[in-house]
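To start, the structure itself, in structure tokens.
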Amino acid sequence: MGPENDIEAVLESEVKEWHFHIYFHQHNAEEHAAALELRDAVLRLRRDGAFVAVPLWRVNMEPMGPHPVGSYEIWCPAESFSSVFSYLCMNREQLSILVHPLTREEVLCSKRDHELRNAWIGPSFPLDLSKLPVRSEDIPLQYPSLKLGYSSTAPKLSLDERRKIGTNVEKILRGEKEAARAPQD
């Protein structure tokens, strides 16, 4: 089968919203304090305009759902993903963070997004995926009032505009000896 190559299919399936789950051993006071300190820092930085990230108000003090230890969730739209990911990479200290997409084809907190499309910042934890749904037709909208992620109203580049950008990038990279070339189809 191989990876998808059709530009329209790729653009249609692009992830627009993400979850970061910050893990801490709930009976470890130092980890718990570090997790809450990180949460407060994210909230301050959001307030100050560094990025858009929405920690869920609930902090799970025990295993919840597929998460085997204490945790909390941070929702992030694609528009801020790079900034939030970068910040968490640089400031997580000893905490582990599960990152997974909220895909259009999967319900919020779906099994496939947690199991097959996840990534970890720091050491991974085994997840209990037995109670997560496999599929739903619902689009995973969180915080639509922000008009970001799947709720974005920003104008999108047309397919022709994207192709022009791609052609220009290929021309520029011809002079870079370390850059791989796109295959000639």
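Can you tell me how many residues in the stretch 31-79 are open to solvent by less than 10 Å² (accessible area, probe 1.4 Å) and farther than 24 Å from P126 by Cα? Total meeting the criteria: 3. Among the residues of the stretch 142-185, the one identified as assigned to a loop (DSSP other than H, G, I, E, B), touching a Ser or Thr at 6+ places or on another chain (Cβ under 9 Å) and among the hydroxyl-bearing types (S, T, Y) is Y143.
Per this entry, L88 is counted among residues that are assigned to a helix (DSSP H, G or I) and either at pLDDT below 95 or open to solvent by less than 60 Å² (accessible area, probe 1.4 Å) (or both). Among the residues of the stretch 52-82, those identified as in contact (Cβ under 8 Å) with a residue 12 or more places away in the chain and of a type in the set (S, T, Y) are S71, Y72, S80.
Within the stretch 37-53, none of the residues are touching a His at 6+ places or on another chain (Cβ under 8 Å) and farther than 22 Å from L146 by Cβ. Of all residues in the stretch 91-129, those being part of a helix (DSSP H, G or I) and either at pLDDT 75 or above or over 13 Å from the mean Cα position of the chain (by Cα) (or both) number 4.
Applying the condition of being of a type in the set (A, V, I, L, M) and modelled with pLDDT under 90 to the stretch 132-151 and asking which residue is farthest from E12 (Cα to Cα) yields L132. For the stretch 152-185, the candidate set comprises residues that are within 21 Å of E14 (Cβ to Cβ) and basic (K, R); within that set, the residue that is least open to solvent (accessible area, probe 1.4 Å) is R162.
What tally of residues in the stretch 9-41 results from selecting those that are assigned to a helix (DSSP H, G or I) and more than 18 Å from L102 (Cβ to Cβ)? Of the residues in that region, 14 qualify.
The values are calculated or read from the model by the stated rules, or taken from the named source; none is laboratory data. Small disclaimer: the values here were computed from a predicted structure and weren't measured. Don't worry about glycine lacking a Cβ; one is built from the backbone with ideal geometry, like all the others, and counts go over all protein chains shown. Just the protein is used for accessible areas: all its heavy atoms, side chains included, with ligands, DNA and RNA removed. Shrake-Rupley method; radii C 1.70, N 1.55, O 1.52, S 1.80 Å.
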